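All remarks here apply to the structure that follows.
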Amino acid sequence: MEIKFKDQLSLGVASAATQIEGGNCEHNWNDWYTRGNIKDHSSPVRATDHYHLWKEDADLMALMKIKHYRMGVEWARICPNEGEVDEEVIAHYREELQYLKEQGITVLLTIHHFTNPMWFERKGAFTQKENIRYFLDFVKLIVNVFGGLVAEYITINEPNVYATNSYYFGEWPPGEKSLSQAVSVMSNMAICHIKAYQMIHSMRESMGYQDTKVSFANHVRVFDPQNPRNPWHCICAKLLDWFFQGAITEAISTGDFKWPLKRSKDISHGEYLDFIAINYYTRSTVSGFGDGVKQDAPKNDLGWEIYPEGLIRCTAHIYQLLKRPIYITENGTCDNQDAFRSKYIYEHLKVISESNLPITRYYHWCYCDNFEWVEGESARFGLVHVNYETQERTIKTSGRFFTRMIEESGISEELYREYVEPLKYHY
Ligand code: BGC
C-alpha cells in the first residue's frame, strides 16, 4: 500500500485561464455560452473569479504546500482587439507571477488553452495557415513581458481535443463538423508549436536565460478494441489512435508530418520538445469510429473509465519517440462529492512510482472546481471546493490528502488507511 515517490518527482496543480478567471472577455467561450451551448447554463463570466481572487488562491496553494503551478493567460483579455495590448492586464499577470514566485511556487505557463479572442475566431482561427502569425505575435508578446518571470512554457493545450471537439464533433465553438477542417487545425497547430518553440528559446536566450523549457500539453488516451478478437474493433482502435493522437504527436515532436496531416515546407525534421507533457484521464473502448466505454469498469461522474495503467501505456509509447523528462501536466477526475478522488490520485501515483519512466512532475487537474467547458459548473474536478454563489474556497479531503503526500514525499501506510482504503468507485 505504501508508496515512496522517486527523488525527482514533484507534485503540483494545474488550471486554465478561462476556467477560473471569470470576466466579460470577448472570446469564443463567452460567445458559445451566449448562444446557449453550456449544458447547465452557467457562464465563464462567473467561473471562480480568480482574476480578482488570485492572491487568495496563491495563499491557499502555499498553505497546501504546493510548489508547482501550471496556469494560463487569457489571450482575449490581453489582446481584446486585433493589434491592441492591454497594459493593465499585463501588469496584473506580472504581479500574480511575481507573488507566486515569492511564495516559492514555480509556474509552468500555458499560452493557449482552447480559448480564442473573437477577432481571431472571426478570421477562422487555426483553420487558416495565414493566421499562424497572430498566434506567434502573441507568443512573442508573452515572452517579452513574462520571459523574466517564467522559464517553462506550454505553447498549446491539447490541440487534438480542441481540433476534434470544435471542428469535427461540433460540440465546442465554433461548432463545425468537418473532418478536413479538424485536420487543418491540427496541422496548423503543429506548425504553431514548432515555431513558438524556436521563438521562445531564441528570445529567452537573448535575454540571457539558459533554463528555458518548452512543450505542448498532449492529451492522450488508450484506444483498446472492445473485443480483441474482432478484427474490425482492432482496426478501428488503431485508426482512431493514429488520427486522434499518433499523427499529431509525431508532427509536433519531430516535425515529421504524416497522413492525414498537411506537411509544411518550412518545417524540417528536428526535436521540438524539452519535456514530454502528458494530459491523461481515461481509455476509449472501441467497436467502431466513435468513443466507447468499457462495461463493468469503474467510472467517474462523467462516465469516463478510471484506468490508471493507461497513463503508463500511453506515456511509454511517446517516450519511445523522443526521450525527454516527462511531466504529467494534467490528471484528475470529475467527482462531485469528492467520494473517490483520493483513491484516483493514489492509483495514478502508484503506477507512476512503479514505472521506470523518468516522470518528474505530476500536476493534478484541477487546483479548484472550475468552469468545465460545455459541462459548465456542474462537473467538479478540484482539490478545493468552490461555492460559486459566494466564491468561498474550501479544501476538500482529497486536497488535504494531496498536501500530506507532498509533505511525506509519498504515501505511508497510515495515510493510505486514512484517506484511500475507505473509498469506493462506482461502476
Ligand atoms: C482539459 C481541461 C479540462 C479537463 C477535464 C482536459 O482535456 O485540458 O481544460 O477541464 O480535460 O475535462
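Bear in mind that the values in this text are calculations on the coordinates, not laboratory data. Here the structure is a predicted model, which means the values were calculated and not measured. Here the Cβ positions follow ideal geometry from the backbone for every residue, glycine too, while neighbour counts run over all protein chains shown.
Brief remarks on what is shown
- Scanning the range 361-378 for residues that are assigned to a helix (DSSP H, G or I), within 11 Å of the ligand (Cβ to nearest atom) and either surrounded by fewer than 20 Cβ atoms within 10 Å (Cβ to Cβ) or of a type in the set (D, E, K, R) (or both) gives Val374, Glu375.
- Conditions (1) within 24 Å of Met1 (Cα to Cα); (2) hydrophobic (A, V, I, L, M, F, W, C); (3) within 16 Å of the ligand (Cβ to nearest atom); number of the one not met by Leu302: (1)
- The number of residues in the range 253-266 that are buried (at least 18 other Cβ atoms within 10 Å of the Cβ) and part of a loop (DSSP other than H, G, I, E, B) comes to 4.
- Taken over the range 325-339, the residue count meeting the criterion of being in contact with a Pro (Cβ under 8 Å, 6 or more places away or on another chain) and in a loop (DSSP other than H, G, I, E, B) is 1.
- Selection count where residues are in contact with a helix residue (DSSP H, G or I) (Cβ under 6 Å, 6 or more places away or on another chain), more than 19 Å from His385 (Cβ to Cβ) and not β-branched (Val, Ile, Thr), scope the range 47-74: 2
- Residues located in the range 60-84, provided they are loosely packed, with under 14 Cβ neighbours inside 10 Å and not in a helix (DSSP H, G or I): Asn81, Glu82, Gly83, Glu84
- Looking across the range 279-321, the residues that are surrounded by fewer than 15 Cβ atoms within 10 Å (Cβ to Cβ), among the polar types (S, T, N, Q) and assigned to a loop (DSSP other than H, G, I, E, B) come down to Ser287, Gln295.
- Filtered residue count, the range 154-185, keeping only those that are away from the ligand (no atom under 16 Å from the Cβ) and over 16 Å from Ala247 (Cβ atoms): 6
- Count of the range 186-229 residues which are in a helix (DSSP H, G or I) and within 16 Å of the ligand (Cβ to nearest atom): 3
- Within the range 382-427, the set of residues being in contact with a Ser or Thr (Cβ under 8 Å, 6 or more places away or on another chain), in a loop (DSSP other than H, G, I, E, B) and either hydroxyl-bearing (Ser, Thr, Tyr) or over 13 Å from Ser342 (Cα atoms) (or both) comprises Tyr388, Gln391.
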